[in-house]
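Written below as structure tokens is the structure these notes are about.
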Amino acid sequence: MKTDPLATPVLFIDDELAMRVSVTQWLQLAGFAAQGFETPQPALDLLAADFPGVLVTDVRMPRMDGMAVLERALERDADLPVILVTGHGDVALAVEAMRRGAYDFIEKPFEPDHLVAVIRRAAEKRRLVLENRGLRRRAGGGGIESKLIGTSPAIAELRRDLIDLAATSASVLIHGETGTGKELVARCLHDFGPRGAKGAFVAVNCGAIPDSMAESELFGHEPGAFTGATQRRAGKLEHSSGGTLFLDEIESMPLAIQVKLLRALQERTIERLGSNKQVPVDLRLVAATKIDLLDLSEEGRFRADLYYRLNVAELHIPPLRARAEDIPLLFDYFTAEFAARHGREPRPLEPADIDALLAHDWPGNVRELRNLAERHVLSVGRSGVAGLLRRRPVGGEAAVAPRALADQVDAFEKRVIEQALDRCKGDIKSVMDLLDIPRRTLNEKMARHGLDRARFLPKG
């Protein structure tokens with residue numbers, strides 16, 4: 001039987017021929033690249049450190065039993081999902097197997113769909129583990145993948161565009177919702193460009209500077225320029241000369257300061273407050289906004305000439321809900337980071353945790369996800385991710401203004417497909433008939449919304 005070369009490999013060990021053949025065929029029909037083995041050694045020989053699949057083994061076998069297979073498999077890779085199958089209903093053995101690191105334990109006779117559901121969950125966990133390993137290996141090399149983490153097409157496109165722009169000196173305008181990582185993207189433009197090795201990265205949040213202090217903060221001042229100015233101070237533009245100036249929330253900058261900034265960018269000089277002396281500056285400007293500056297300029301609230309000066313090149317950061325496949329990976333990455341910081345053992349994601357992460361809308365984006373990961377590491381109870389999401393602080397990142405119409409339509413579409421999958425118990429053909437859409441369209445929408453059919457399959 002032909003199998004998809006990209007399908008998850010499953011190695012099934014059972015010395016009973018009829019069981020081995022029937023289970024292997026069932027798994028192949030379910031879409032796995034399944035192989036059956038009469039004895040353990042040939043299967044163990046296939047287990048490299050980054051084997052991308054799942055091992056399923058009978059417990060009661062001659063010469064080498066399932067517990068020995070479990071031990072040898074985990075010696076090769078401690079994170080490998082190993083599922084044990086027994087016909088003896090030995091609860092004590094099941095507990096011991098889980099204590100030694102088994103992913104799950106299934107008792108004969110079992111429903112084939114139950115085995116398939118368990119393997120799918122194990123395969124998803126394995127995928128996350130291997131993706132995280134790859135990211136950490138690349139992180140050791142200091143590449144862009146170590147900064148902008150994810151495997152989704154949206155984040156991969158952002159990394160490509162960023163690297164292309166980093167090599168230039170062009171001004172860049174970054175668009176992104178709150179919490180998407182605009183400052184991180186700006187820093188990457190600096191770090192991966194020619195200015196990263198020699199110049200400073202200077203970040204300014206324009207929304208946090210009082211209007212009365214904006215000119216002094218950005219352009220500096222001379223002694224006596226105003227009450228309390230007792231000595232000369234270089235402003236942010238001067239300090240960033242030779243490097244990169246990042247202006248976040250640029251839409252908050254007062255109009256009078258916008259005029260001075262435009263002139264400084266055009267003439268490459270600044271005047272400190274209280275001085276007539278021209279000070280040359282050589283900086284790259286990166287600005288960020290969460291709203292449309294062109295709309296603001298048409299309303300007279302942002303200078304159109306400055307907008308066009310800033311908007312030489314653009315980068316759009318996707319919201320977290322638009323790259324759902326990255327959510328479990330990012331959460332796992334942040335969990336490991338905070339576990340190391342706080343001296344805690346990482347708490348692995350359970351299937352219910354992944355469901356909760358994918359079902360959430362993430363109005364606070366990556367910042368909200370990172371905060372949740374830290375709370376998950378520090379939490380004492382066993383409520384899991386779903387419980388933490390239910391207890392998120394009122395008025396925090398999750399308390400945001402009503403979402404745009406397109407976002408609401410996306411959320412409604414996701415709920416409709418979820419309900420159809422639940423009603424049809426994960427049967428794709430039934431969902432296609434119920435929603436009256438072709439398979440390709442359904443597959444694309446499920447991928448975009450981060451919906452996994454395995455979540456809706458009947459549980460054992």
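Taking Gly181, is it surrounded by fewer than 18 Cβ atoms within 10 Å (Cβ to Cβ) and within 26 Å of Glu145 (Cα to Cα)?
No: the conditions fail for Gly181.
Scan region 297-312 for residues that are more than 16 Å from Ile174 (Cβ to Cβ), open to solvent by less than 80 Å² (accessible area, probe 1.4 Å) and not hydroxyl-bearing (Ser, Thr, Tyr) and jot them down. Within region 297-312, Gly300, Ala304, Asp305 meet the criteria. The residues listed here are Arg159, Arg233; of these, the one that is of a type in the set (Lys, Arg) and at pLDDT below 90 is Arg233. Listed conditions (1) open to solvent by less than 50 Å² (accessible area, probe 1.4 Å); (2) in a helix (DSSP H, G or I); (3) at pLDDT 90 or above are all met by Gln41, apart from (1).
Meeting the requirement of 2 or more residues that are among the acidic types (Asp, Glu) and closer than 26 Å to Asp191 by Cα, the helices (runs of 4 or more DSSP H) wholly within region 261-356 are 327-342. Summed over region 67-88, residues that are open to solvent by 30 Å² or more (accessible area, probe 1.4 Å), modelled with pLDDT under 90 and closer than 17 Å to Asp14 by Cα total 2.
Checking Phe110, Phe105 one by one, the residue that is open to solvent by 20 Å² or more (accessible area, probe 1.4 Å), over 21 Å from Asp326 (Cβ atoms) and without any contact (Cβ under 8 Å) to a residue 40 or more places away in the chain is Phe105 and no other. Just checking, does region 48-58 include any residue being surrounded by 14 or more Cβ atoms within 10 Å (Cβ to Cβ) and more than 31 Å from the chain's Cα centre (by Cα)? So far as region 48-58 goes, yes, one or more of its residues are surrounded by 14 or more Cβ atoms within 10 Å (Cβ to Cβ) and more than 31 Å from the chain's Cα centre (by Cα).
Quick check: is even one residue across region 175-194 outside any helix (DSSP H, G or I) and over 28 Å from the mean Cα position of the chain (by Cα)? Walk me through how you get there before you give the answer.
If we filter region 175-194 for residues that are outside any helix (DSSP H, G or I), which is where we start, we get 175-181, 192-193.
From the residues that got through so far, the ones that are over 28 Å from the mean Cα position of the chain (by Cα) too are none.
There is no residue in region 175-194 that is outside any helix (DSSP H, G or I) and over 28 Å from the mean Cα position of the chain (by Cα).
Ser212 fulfils the conditions (1) farther than 30 Å from Leu47 by Cα; (2) among the hydroxyl-bearing types (Ser, Thr, Tyr); (3) open to solvent by 60 Å² or more (accessible area, probe 1.4 Å); (4) in a loop (DSSP other than H, G, I, E, B) except for a single criterion, (4).
Inspection of region 376-384 identifies at least one residue that is among the hydrophobic types (A, V, I, L, M, F, W, C) and modelled with pLDDT of 85 or more. Consider region 146-156 and keep the residues that are open to solvent by 60 Å² or more (accessible area, probe 1.4 Å) and out of contact with any Cys (no Cβ under 6 Å at 6 or more places or on another chain). The one that is modelled with the highest pLDDT is Pro153. Inside region 245-260, residues that are open to solvent by 20 Å² or more (accessible area, probe 1.4 Å) and assigned to a loop (DSSP other than H, G, I, E, B) make up a count of 2. So is Val21 surrounded by 15 or more Cβ atoms within 10 Å (Cβ to Cβ) and among the β-branched types (Val, Ile, Thr) or not? No, not satisfied. Look through Gly242, Gly207 and report the one residue that is among the small types (Gly, Ala, Ser), surrounded by fewer than 18 Cβ atoms within 10 Å (Cβ to Cβ) and closer than 14 Å to Ala288 by Cα. The match here is Gly207. Among all positions in region 357-375, there is at least one residue which is of a type in the set (S, T, N, Q), farther than 18 Å from Val185 by Cα and open to solvent by 60 Å² or more (accessible area, probe 1.4 Å).
Checking each residue in region 337-356 for being touching a helix residue (DSSP H, G or I) at 6+ places or on another chain (Cβ under 9 Å), of a type in the set (A, V, I, L, M, F, W, C) and open to solvent by 30 Å² or more (accessible area, probe 1.4 Å) picks out only Ala352. Quick check on region 420-460: of everything there that is touching a residue at least 60 places away in the same chain (Cβ under 8 Å) and in a helix (DSSP H, G or I), which residue is least open to solvent (accessible area, probe 1.4 Å)? Checked region 420-460; the qualifying residue least open to solvent (accessible area, probe 1.4 Å) is Ala454.
Out of Gly224, Gly228, which single residue is assigned to a loop (DSSP other than H, G, I, E, B), open to solvent by 30 Å² or more (accessible area, probe 1.4 Å), free of Cβ contacts under 8 Å to residues at least 12 places away in the same chain and not acidic (Asp, Glu)? Write out each step before concluding.
On the way: Gly224 fails: free of Cβ contacts under 8 Å to residues at least 12 places away in the same chain.
Going through Gly224, Gly228 in turn, just one is assigned to a loop (DSSP other than H, G, I, E, B), open to solvent by 30 Å² or more (accessible area, probe 1.4 Å), free of Cβ contacts under 8 Å to residues at least 12 places away in the same chain and not acidic (Asp, Glu): Gly228.
Just so you know, in region 320-336 the residues that are hydrophobic (A, V, I, L, M, F, W, C) and surrounded by 17 or more Cβ atoms within 10 Å (Cβ to Cβ) include one that is nearest to Gly134 (Cα to Cα), and it is Leu329.
The values are calculated or read from the model by the stated rules, or taken from the named source; none is laboratory data. Treat the numbers as computed from the prediction; the structure is a model and nothing was measured. Because the Cβ atoms are built from the backbone with ideal geometry, glycine has one as well, and the counts that use them run over all protein chains shown. We work out accessible area using only protein heavy atoms, side chains counted, and drop any ligands, DNA or RNA first. Shrake-Rupley method; radii C 1.70, N 1.55, O 1.52, S 1.80 Å.
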